[in-house]
Every structure is written in C-alpha cells, then in structure tokens.
Amino acid sequence: MAGSGPRPALPSPRVEWPEGFAARLEGFVPRMAARRERREGAGGSTVLGAGEEFIGHRPYREGEDLRRLDWGLLARSDQPFVRRTRREAAESWAVVVDTSASMGLGTPGKLSAAAALAAALATVGARGGARVQVVTGATPPLEVRRGAPLGHLLDLLGGLAAGASDGLRGLLNSWRPSSACGLVAVLGDLVGTEPQDLSVWERPGRELVLAQVLAPEELDPPGEEPVRWFDPEGEEVRSSAGEAAVKGYERRLEAWLERWARAARRPGLRWSVGSSAAPFEDRARVVLEGDRG
Amino acid sequence: MRFEQPLAWLLLALPVVAVLRSLVRGAPRSRLLATVGLMPRAGEPAAAAPRRRVPLSRALLALALVVGTAALAEPRLGPVSEPVPWMVVVDRSPSMGLPAEGDLARHALGLRLLADELGRGPHRFVAGDEPGLEFLGSAPPREWFEGPPRDEPDWGRFDQPGTWWLTDGAPAEGPLRAGLAASGGPAVRGLVSAGPLGALAFDGEQLVLRPGEARPGTYRIEPGIPGVLAAAVEAWAEVRGHEPAGAEGAAGLWVRAVPRSEQAVGSTPAEAHALEGRGWRLVGSGAPEAAAGEPIGYGEGLAIQPGVLWSGLAAPVTLEGDAAAFAVAVASACDRSLWPGPDVVALDERAAAGASVVRPGEPRPGAETPSPELEVPLLLAAALLAAGALLAARGGRP
C-alpha cells in the first residue's frame, strides 16, 4: 500500500542509559572479568614485558593455528589449550555499534541497549588487558585501555544518535579490524544485513560475535489493532490488521533469525538475539561467555 | 421452561457490547518497524486470515457466562400457568366506612395493607355479604362501601387457601387458612339511631338521647306494588311521621317489586297464589316471585333488606282476614327495613376495632413454589466452566 499519513518520528533516537547504569557497570565489570579469568585458565606468570613471553593458557578456539596448541597439556588433561603469550594477553578487541536510523526504535531504544552493552564489553575487555576499539561509524574510533577513565567511553556512547551514520552496512564497506584483533563484537539490529556480508571481518583465530538487538514490538508486534508500518530507513510502508498479518510476520521473522542461527554454526562466529528491554548484564554475559541468547 | 427473572438475560448484552466494540476498528496507527520487510504485503498468502478458532478459554468463559445468566434468570420447569388472582373477601358492614386513622376510612387502610402485602393485583374482590358480587382489579369500587348497611360476611365460608379477608376488626376466630388484613380503628362517636322523635348518639362512652335531632324517615313506593300493600306502608309512614321521598334521590325505605322472570310471567294467570300471615291472607293471581333478602315470616313473596321492602306478589291481590293484623306485620317490616342515613351507624359497629393486623394465609392453589433445584446446579456448572476457562488460559492452550 502506498504510504499515506505522516511518518512517525523515531521514538528513541538518543542514548538513554538504564537506571543506575554507572553503578551497575562498576559492579558488573570486576565480576565478569574474574569469571573470564577463571574460564580461560589461570596463568601463573606475571606479565613482565612484551613479546612471546608465556603467561598462561586459554581454551583453543576453532580455526586457530594448531602450532599454538599445547600438546603436552592436551595429553595430560585431554582438553585443548593454547599457550597464552604476553602479546595475546594484550589482545585487541573491536566493539562495533550500529548507529543507523533503525536503531532509534523501541522502548527502551535499541541504540541505548547497544550502547550499554558496548560500554560493558569494552570495559570488561580493557580490564582483562585487551585494547578495545569502539567503532560507531558516526565518530572516530575510541580506544579503551585498562585504567582509562570510564567517562570518555560513556561520553562517546552517550552522545550517539540513531541515523547519524549508514550503520553496519556503511562500516562493512569502510572499516576493517586490525589483523591483531581477536574479537569483533557487532551490536545492532542486523536489519538489511545477511550473514555472508560479515565474512569480510572474519579470519582464523578471530571471534566474530553478533549481538542482535531488536525492539520488543519487532519481536512481538501488536496483533489486533490495525497499524501502518513505516520503514525508518526507506520508503517501504506496509499495513497489518488482525492476527493473520502478524502471524505471517512472525513466521518470516523466525525464518530470518533461523538463518542467523545457522550461520553462527560456522567456526569463529557466534550470534545471539535479544530484546532492547533485556538487562545489559545478561546480554554481556552471553556475548562474553558464549551462551546463546 | 420459563424464567422468573427474564430481565437477567440482559446481562448478556454486556459481553455482546464489548465484542461489538472490539469489532469496530479505528483508524490505523502509524508506527516505525525496522523489520518492515518481513511484514506481509496486503494480499499475500501470508496475510490471509487463518481459519478462525475460538480459543478454548474464551469459549468456556462465554459458556460460563450464559449458564450463570440462565441461573440468575431463575428457570422453572413445567407448563406455563396463568397466575391465579388472590380472592379478597370484603367486609362491607357499616364500620368499614368509619375512620381508622385521621380521615382514612377503615376499608381504605385495609386495602393499603393488602396492597403492601400482595401488590396491586389485580385481585378478585368478593362482597362478603353478597358472594355473587365480584370485582377484578386493584381495589373494589367505592360504591361497595356506600348505601344502606350490609351484614358482615359469614367468614367461615371463606377460610380457604388463596383467600384474604379484608375487614376492620379481626374476627374472634380464624382465619386458619386464609390471610387476614384488618385495618383496626378506634371507637367512633356518632348517631346510632335517628327518627321523627329524636336521635340516639354514642359519645365515646355511653349513649346520649338527643330529642332535638328529630329526623323523619323517607320512603318511596315503586309503581306496580299491590294497592293493599302500598296502603299499609303509607299508613305506617303517617303514624311514624315519615315522609315520602321525591322521585329522585335516596329514600330511607324503598318498596320495590321483584322483577319477574320469563317463567313466572308465562305461568298460568288464572292460578291463584297466596301469602299468609297470622290472621290474614293475601291472594294474587300470579305466581309469587322469590324476593331476595330476609323473609319477613309469611312466605317468599315479601322480604326486607336494609332500606328495601321487596314485594314478590303481583297486583291485583285480595286481602282476606284481619286487615289490622296485616298492617301491623307490614309496619313491623318497614320499621326493620328503614335506613335512617349513612351517618347513623349501629352501636356495635362504632366500637373500637383494635390494632391493624396482617397475617398471611396459605398460598394460592396452583401457584408455583420456587424450585431452586435448577439454579444451584446451573451456578455450579458456571463456576466449573469459569475455572476451566482460567486453567485453559493459564495453560496457554488456544
């Protein structure tokens, strides 16, 4: 149906932090960092300097160079571990935040949820020794290191606005993670993106973690009342009235999400989906520990 | 099956209104959706309405509502029968016209008590002194309590289910099966008799003679009355000092001929009939018609009622025997029948009637007794259905 009537404004175009966000973040980060340390294996050595100095072990990731596998530990424990070096301890992460217009939807907004999640991931990563690059497409990337003031990060993320960039599609064309980047976390609704589009950011030994954030009404649109739906980034307008249209939408949404779930079975790629109303702690735990959402 | 409270079905209008309101869709709202591409276009198969299935929980809830409403409507099994009106036996004795409270007459207060108990009817009012006289309505005509005095009903005849007694003072005995609406009332002062020589009044405690309130009676003789009878009545009136009434208006004594039936009219005119008294004989050519009222002792052809002397013997007649004895008999009948007026009420009628009494009797024969057997199971079923609906809704079953 041709578009008629006014296009509504974005309901949540700016970042609004969850209630008590700073305090919750300060409580969450040390707990999460400690859990990561326990999961990746205790390194008894102290970090003394840069280079290939051995500082401990971590679980083997699919696709990694088998030469880094600790065969002796495998024989003793029957578990695949790789030797963790000083260089690796100071690994590089990238946290990519989608700032396209569609991220301004939802209550709370998807952009707010992505920003909160990005703050949590970056802070946990920096506390674990990683150099974390926060990439938004709308602002120059911000590098976060251990001990860096949290305020810079929150200022950057809190100033984001939906529609300020082309979002993920633009970044896929314009930005590449460094070769040392061991983890790329993509936070967005992934609308207009297919799993194969992200292959440009994949490489052996790197984890590509996709944290898909959808608005509550995108996951469960209202069934009975007639609604004229507008595409926030295009001209598409469609109408729904009654359960039939909504059921059809839900079937297609399910199929679309199933494609992402199937794609996430390939090595080095993880995917989870959640509502923008979900607590950032829960989403961060899923992203960092590999549990499915 | 019928329903005692059919208006209860109106409760079903509430969910109907709710459903209708939900069917009236307003203008579509405009909203943004990032995944709008997943929404089926109009006309796409995905947008086609699937076969509508009523959710089990809603179906159970609707059924519970219908069953519950049916219970509230008080269903009754059995054939529909017309309601039998109450029979109200009305005491028309003079005391019923006396005041009970202020200016309110005893009959009016009694009717009010009856209406409070039975509603406005219609009821079947029966004149207790004249059972053939009936009236169906909310109250008997006003004329029932006017005119010459009437006797109190023979209450024993009317002590039966579905019947009420409407009177002023509760009878000494009964009723056992009938209901009772007695207005009660205080003793009422006033005249208890009046005549050409003076009046006798009740002052609340005793009788007082009032010679100055002489009141001659009035009489009227109807055409067709045998001449000898009319002459005797006129002689009685002259001696007593009574006066003839005009052609119109009330008369204290009305000498009337009994209307003749066709059978009596067609009887053999040559046949002689007679009325006999002590020392006299009245012979007529026609068959005497039975006169209504109290016979005065010499056959059915002459009878008295308050204010009326009935003659059943058609003119011409011949008086045989002692004419004086005949005149005395007629005078005695006239004395007893003469009605001095509505303000003259016998002393026993003026006595206090006590307090108001309302005492229900046995129900009307054929009146339906409430049968709650249907309501209880229906309410139980409604509760079970509602519980089932709740369980189905919680279980997420469609």
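The values are calculated or read from the model by the stated rules, or taken from the named source; none is laboratory data. Keep in mind the model is a prediction, meaning the values are calculated, not measured. Glycine also receives a Cβ, built like all others from the backbone with ideal geometry; neighbour counts cover every protein chain displayed. The protein model used for the area step is the full one, side chains on, heavy atoms only, and it has no ligands, DNA or RNA in it. Shrake-Rupley method; radii C 1.70, N 1.55, O 1.52, S 1.80 Å.
Brief remarks follow.
- Filtering segment B:14-39 to residues that are at pLDDT 85 or above and part of a helix (DSSP H, G or I) leaves B:Val36, B:Gly37, B:Leu38.
- If the condition is being assigned to a strand (DSSP E or B) and open to solvent by 20 Å² or more (accessible area, probe 1.4 Å), then segment A:234-249 contributes only A:Ser239.
- Top-ranked residue of segment A:173-200 - restricted to ones that are farther than 17 Å from B:Ala34 by Cβ and of a type in the set (A, V, I, L, M), ranked as surrounded by the most Cβ atoms within 10 Å (Cβ to Cβ): A:Ala185
- Members of segment A:217-259 that are more than 9 Å from every other protein chain (Cβ to nearest Cβ) and touching a helix residue (DSSP H, G or I) at 6+ places or on another chain (Cβ under 6 Å): A:Gly223
- Of all the numbered requirements in (1) aliphatic (A, V, I, L, M); (2) open to solvent by 10 Å² or more (accessible area, probe 1.4 Å); (3) within 24 Å of A:Arg285 (Cβ to Cβ); (4) in contact (Cβ under 8 Å) with a residue 24 or more places away in the chain, A:Ala118 misses one, and that requirement is (2).
- Residue list for segment A:133-163, restricted to those being open to solvent by 60 Å² or more (accessible area, probe 1.4 Å) and of a type outside the set (D, E, K, R): A:Pro140, A:Pro141, A:Gly147, A:Pro149, A:His152
- Some residue of segment B:212-226 being modelled with pLDDT of 90 or more, assigned by TED's automatic domain parsing to the domain that holds B:Gly312 and among the hydrophobic types (A, V, I, L, M, F, W, C): yes
To keep it simple, each residue is scored yes or no on (1) without any contact (Cβ under 8 Å) to a residue 24 or more places away in the chain; (2) in a helix (DSSP H, G or I); (3) of a type in the set (Lys, Arg).
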residue: A:Val200; (1), (2), (3): no, yes, no
residue: A:Arg203; (1), (2), (3): no, no, yes
residue: A:Leu208; (1), (2), (3): no, no, no
residue: A:Trp229; (1), (2), (3): yes, no, no
residue: A:Arg251; (1), (2), (3): yes, yes, yes
residue: A:Arg265; (1), (2), (3): yes, no, yes
residue: A:Ala278; (1), (2), (3): no, no, no
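- Some residue of segment B:332-346 being at pLDDT below 80 and among the charged types (D, E, K, R): no
- From the options A:Pro195, A:Pro141, residue that is touching a strand residue (DSSP E or B) at 6+ places or on another chain (Cβ under 7 Å) and closer than 30 Å to A:Ser92 by Cα: A:Pro141
- Test result for A:Ala261, more than 13 Å from the chain's Cα centre (by Cα) and either assigned to a strand (DSSP E or B) or at pLDDT below 95 (or both): yes
- Residues that are among the small types (Gly, Ala, Ser) and surrounded by 15 or more Cβ atoms within 10 Å (Cβ to Cβ) number at least 1 in the following strands (runs of 3 or more DSSP E) confined to segment B:70-144: B:99-101, B:123-127.
- The set of residues in segment B:196-216 being in a loop (DSSP other than H, G, I, E, B) and open to solvent by less than 60 Å² (accessible area, probe 1.4 Å) consists of B:Pro196, B:Asp203, B:Gly204, B:Ala214, B:Pro216.
- Count of segment A:201-233 residues, restricted to those that are open to solvent by 20 Å² or more (accessible area, probe 1.4 Å) and small (Gly, Ala, Ser), is 2.
A quick yes/no check of all residues on (1) modelled with pLDDT under 80; (2) over 26 Å from the mean Cα position of the chain (by Cα):
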| residue | (1), (2) |
| --- | --- |
| A:Gly49 | yes, yes |
| A:Arg87 | yes, no |
| A:Thr99 | no, no |
| A:Ala115 | no, no |
